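Before any comments, here is the structure.
The values are calculated or read from the model by the stated rules, or taken from the named source; none is laboratory data. If you're wondering where the values come from, they're calculated on a predicted model, not measured in any experiment. Cβ atoms come from the backbone with ideal geometry, glycine included; neighbour counts cover every protein chain shown. What goes into the accessible areas is simple: the full protein's heavy atoms, side chains included, and nothing from ligands, DNA or RNA. Shrake-Rupley method; radii C 1.70, N 1.55, O 1.52, S 1.80 Å.
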Amino acid sequence: MQQTFIKGIVSRYHIEAQNDILKIVGLHVFIILGFSFGLIMFLRDMIGVSPDECLPGDVSILLIFGTAFYVLRNIRISMAVQTFFLIPIIPYFFFISSTVAISPNHLSVPNTLWTLIPFLLFFLIFGNRKDLFVYFILAALTIALHVFIADLTNLIFTFQWNIESGFTNPFLTLSISYLVSLLISWNFQDTINRLTEEKEKTERLINQTVRNLPQGMLLLEIVKDESEAPSYLVIRKTNLAFERLFKITSRELKDQKANDVFPKIFREAFDWNKQYLNSKSNQFSFYLDRTDKYYDVNTFKLTSTQVVSLFSDVTNKQQIILDLEENKLRYQVLLEAIPDLFFIIDKDGIYVDFVFKATEALKIKPEDIIGNSIFEVGFSEKMSNKIFQCIQNCIEFDSIETIEYALELENSSAMFEMRIVRLSDSTVISLARDISKRKLAEIKMEEARIKAEESDRLKTAFLANISHEIRTPMNAIIGFSKMIGSSDFDDQEKSKFVEIIVTNGKLLLTLINDMISLSKIESNTLVVKKSPCRINDIMVSLYKEFGYELEERKNIKLKINCGNPNPKFTVVTDPVLLQSILQKLIDNGIKFTEEGEVEFGYRMLESDELEFYVRDTGIGIAQSDQEMIFERFHQLDNRTIRAYEGIGLGLSISQHHVRLLGGSLHVQSKPKMGSTFSFKIPFTREESPLKIVR
């Protein structure tokens with residue numbers, strides 16, 4: 001709405017200067033507000049709600065402001081301003097007239113004064129110095145009339161008028177106000193004159209600069225339709241360089257529509273309507289066949305409707321670029337025949353150029369490299385700093401620097417050897433060669449060496465441990481067997497000796513079984529023998545077996561959890577392997593739990609799988625050790641003197657057995673918070689021997 005109002009004023013009064021537009025808008029607003037104020041006062045007097053009723057004064061406000069609005073809209077702006085010479089009529093009715101004044105006229109001289117003074121500011125803003133002087137005379141006469149009618153002429157030459165609260169001589173106050181307004185007006189006019197002179201000087205300088213520009217200059221005006229959409233272009237100005245470039249005179253171009261003359265100048269070299277009316281780009285290039293030259297064009301919007309274009313002849317530069325590109329292509333073909341990658345890097349670490357033959361594994365886009373820094377292309381901060389230092393060394397000392405680094409490719413990673421050589425005082429050339437195969441061979445050799453050493457260390461520890469594990473139960477069996485035959489012990493003590501012999505015999509048997517299982521795994525002769533088995537029977541058997549062993553260890557509680565309460569729940573799997581797995585896991589749980597509980601059981605899953613688990617509250621396993629515990633001969637403590645017995649085969653054998661049954665053994669554990677070993681195996685239910693016969 002505001003924009004529409006301003007556009008209406010511009011079109012009505014034919015003005016373009018922003019200062020004039022603001023002045024006229026302000027005059028409209030002032031007159032409308034004054035008329036509205038008078039109308040409110042008039043209505044208040046008509047309905048009798050005003051304590052100071054003065055209909056003639058209200059009517060005078062309406063007439064003065066209404067007349068000013070009419071004159072402003074239909075005659076001249078200056079006459080509308082001069083209409084306010086009638087302002088003294090308003091204080092006459094309100095404060096001077098003996099018949100209609102709202103207060104005694106000898107007391108209302110200040111009211112008249114301060115009604116008149118604000119309009120000095122009005123004439124200062126909207127009028128000229130002549131209007132300001134005329135209004136000052138009229139205001140002084142109005143105050144003189146008020147003083148005469150109020151019979152206060154004896155105070156004219158008195159500085160302070162002691163009437164009621166007292167006030168300064170109104171003639172003096174009015175004169176001072178006028179002088180201040182006059183000084184402001186002079187200062188403002190002086191500033192305007194100075195700015196106008198500077199503007200003219202700047203315009204002369206701009207015109208001289210435009211005339212002497214080596215580039216061709218074209219000033220276009222965008223003409224808009226009624227809906228404010230760009231319609232067509234009009235040429236407003238050109239310079240001598242433009243005329244020389246395109247062999248045309250300014251007389252043929254000035255104030256002509258672009259669609260009428262551009263086809264003659266540019267033919268179909270570019271779409272000028274699209275470029276100037278719709279494109280957001282400030283730069284474009286074109287080739288003109290009639291002059292056989294290349295041109296670069298830079299455009300600048302001066303206002304919403306004015307566009308300046310600068311045309312530069314870049315034919316020589318374009319030819320140099322074409323020659324350089326041809327040479328570059330020739331050398332690029334030569335360099336691509338070499339398997340190395342070539343990079344040109346400046347002293348700040350910015351990639352200037354590169355050449356290499358792309359492969360399926362290594363594809364580099366120019367925009368990903370050229371213009372980017374070595375700190376932005378994927379190197380680690382440490383590696384980037386190292387490369388940067390090598391660049392500085394090459395430039396400063398003319399040395400050859402070598403660096404090895406890894407690069408992540410699309411589906412793999414590769415190792416490269418980079419050699420940096422000085423190319424100039426500000427650039428180096430970097431040659432990168434893929435050494436992945438060589439490094440892979442070195443890594444494999446190193447891994448084989450480490451593996452052999454680790455295997456040797458584990459076997460040494462294994463032999464030491466197995467020797468200890470065999471001697472300990474054998475010594476116990478032999479020693480206590482001799483003691484049974486002695487008459488120095490009673491039957492109760494001999495009974496305990498028998499229990500010790502049986503326990504150590506079981507340990508020895510477990511050790512032998514583990515060795516046999518390992519032998520079968522190594523020789524790949526372990527066969528899965530599936531048969532129907534009652535899972536709950538296996539679980540109860542294990543509970544009894546280990547529950548009997550834990551009778552004397554009151555600090556460990558054994559718990560069982562069967563996912564199917566049916567005692568005849570039967571599935572088809574290898575019962576021997578399943579029981580062996582659970583035995584080893586429960587035995588491990590008990591061995592590493594000093595106090596708490598060991599729980600084992602199974603859950604039925606929807607996907608025809610059984611999940612078995614063994615949970616303990618023992619010492620737990622660190623995250624870094626959780627993968628290694630399934631390796632052969634590996635123990636959390638591989639020393640020959642340890643707190644826990646065993647040879648490090650139980651979990652490795654269990655993992656192999658679980659895989660034979662179609663699953664995988666997993667562990668969840670935290671140090672000092674216990675461990676949970678679990679595995680899932682597929683199962684099929686036993687088919688019922690009963691069949692329906694029809």
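Being open to solvent by less than 60 Å² (accessible area, probe 1.4 Å) and at pLDDT below 85 is not true of Q579. Evaluation of S185 against the conditions (1) within 46 Å of the chain's Cα centre (by Cα); (2) surrounded by 12 or more Cβ atoms within 10 Å (Cβ to Cβ) shows that the sole unmet condition is (1). Output the residues belonging to the stretch 622-642 that are surrounded by 20 or more Cβ atoms within 10 Å (Cβ to Cβ) and modelled with pLDDT of 75 or more. Answer for the stretch 622-642, where residues must be surrounded by 20 or more Cβ atoms within 10 Å (Cβ to Cβ) and modelled with pLDDT of 75 or more: just I629. If you go through the stretch 303-319 and keep only what is surrounded by 11 or more Cβ atoms within 10 Å (Cβ to Cβ) and not in a strand (DSSP E or B), you end up with T305, V314, T315, K317, Q318, Q319.
Taken over the stretch 395-438, the residue count meeting the criterion of being touching a residue at least 24 places away in the same chain (Cβ under 8 Å), of a type outside the set (A, V, I, L, M) and open to solvent by 40 Å² or more (accessible area, probe 1.4 Å) is 11. Which of the residues belonging to the stretch 530-567 are without any contact (Cβ under 8 Å) to a residue 40 or more places away in the chain and over 23 Å from L605 (Cβ atoms)? Across the stretch 530-567, the qualifying residues are S541, K544, E545, G547, Y548, E551, E552, R553, K554. Restricting attention to the stretch 402-442, the residues that are in a strand (DSSP E or B) and either closer than 14 Å to K347 by Cβ or of a type in the set (A, V, I, L, M, F, W, C) (or both) add up to 16. Considering only the stretch 82-91, I want to know if a residue exists there that is at pLDDT below 85, of a type in the set (A, V, I, L, M) and assigned to a loop (DSSP other than H, G, I, E, B). No. Screening T196 against (1) at pLDDT below 85; (2) open to solvent by 80 Å² or more (accessible area, probe 1.4 Å) leaves a single unmet condition, (2).
Selection of the stretch 153-201 for residues being part of a loop (DSSP other than H, G, I, E, B) and among the small types (G, A, S) yields S165, G166.
For Y276, the conditions (1) open to solvent by 50 Å² or more (accessible area, probe 1.4 Å); (2) touching a residue at least 40 places away in the same chain (Cβ under 8 Å); (3) in contact with a Ser or Thr (Cβ under 9 Å, 6 or more places away or on another chain) are fulfilled apart from (1).
Looking at S103, S78, just one residue is surrounded by fewer than 17 Cβ atoms within 10 Å (Cβ to Cβ), in contact with an Asp or Glu (Cβ under 9 Å, 6 or more places away or on another chain), polar (S, T, N, Q) and part of a helix (DSSP H, G or I), and that residue is S78.
For E226, state whether it is in a loop (DSSP other than H, G, I, E, B), closer than 28 Å to S304 by Cα and either among the acidic types (D, E) or at pLDDT 90 or above (or both). Judged against the criteria, E226 is a match.
Quick check on A241: is it closer than 20 Å to L310 by Cα and either part of a helix (DSSP H, G or I) or among the basic types (K, R) (or both)? Judged against the criteria, A241 is a match. Annotation: Y232 fulfils all but one of (1) open to solvent by 60 Å² or more (accessible area, probe 1.4 Å); (2) closer than 28 Å to F122 by Cα; (3) not polar (S, T, N, Q); the unmet one is (2). Right, I137: out of contact with any Phe, Trp or Tyr (no Cβ under 7 Å at 6 or more places or on another chain) and modelled with pLDDT under 90 or not? It is false that I137 is out of contact with any Phe, Trp or Tyr (no Cβ under 7 Å at 6 or more places or on another chain) and modelled with pLDDT under 90.
The condition of being over 23 Å from F167 (Cβ atoms) and either among the hydroxyl-bearing types (S, T, Y) or open to solvent by 20 Å² or more (accessible area, probe 1.4 Å) (or both) holds for only one of T83, T112, that being T83.
If you go through the stretch 514-540 and keep only what is assigned to a helix (DSSP H, G or I), surrounded by 14 or more Cβ atoms within 10 Å (Cβ to Cβ) and either modelled with pLDDT of 75 or more or of a type in the set (S, T, N, Q) (or both), you end up with S517, I535, N536, D537, I538, M539, V540. Of the residues in the stretch 124-135, at least one is without any contact (Cβ under 8 Å) to a residue 60 or more places away in the chain, surrounded by 18 or more Cβ atoms within 10 Å (Cβ to Cβ) and under 60 Å from the mean Cα position of the chain (by Cα).
Going through (1) without any contact (Cβ under 8 Å) to a residue 60 or more places away in the chain; (2) in a helix (DSSP H, G or I); (3) out of contact with any helix residue (DSSP H, G or I) (no Cβ under 9 Å at 6 or more places or on another chain) one by one, E252 falls short only on (3). Only one entry of R236, R211 meets the criterion of being farther than 22 Å from Y294 by Cα, among the basic types (K, R) and outside any strand (DSSP E or B), and that entry is R211.
The residues in the stretch 274-302 that are among the basic types (K, R) and either part of a strand (DSSP E or B) or closer than 18 Å to F242 by Cβ (or both) can be counted, and the count is 3. When you scan the stretch 599-607, do you find a residue that is polar (S, T, N, Q), surrounded by fewer than 18 Cβ atoms within 10 Å (Cβ to Cβ), free of Cβ contacts under 8 Å to residues at least 12 places away in the same chain and closer than 20 Å to I681 by Cα, even just one? Yes: the stretch 599-607 contains one or more residues that are polar (S, T, N, Q), surrounded by fewer than 18 Cβ atoms within 10 Å (Cβ to Cβ), free of Cβ contacts under 8 Å to residues at least 12 places away in the same chain and closer than 20 Å to I681 by Cα.
Of the residues making up the stretch 568-597, those that are out of contact with any His (no Cβ under 7 Å at 6 or more places or on another chain) and among the small types (G, A, S) are G589, G596. Evaluated against (1) at pLDDT below 85; (2) farther than 29 Å from E595 by Cα, R553 falls short on exactly one condition, (2).
Being at pLDDT below 80 and either part of a helix (DSSP H, G or I) or small (G, A, S) (or both) is the filter here; which residues of the stretch 10-47 pass it?
Listed by number, the residues that qualify are V10, S11, R12, Y13, A17, Q18, N19, D20, I21, L22.
When residues of the stretch 261-271 are filtered for being assigned to a helix (DSSP H, G or I) and open to solvent by 30 Å² or more (accessible area, probe 1.4 Å), how many remain? The qualifying residues number 2.
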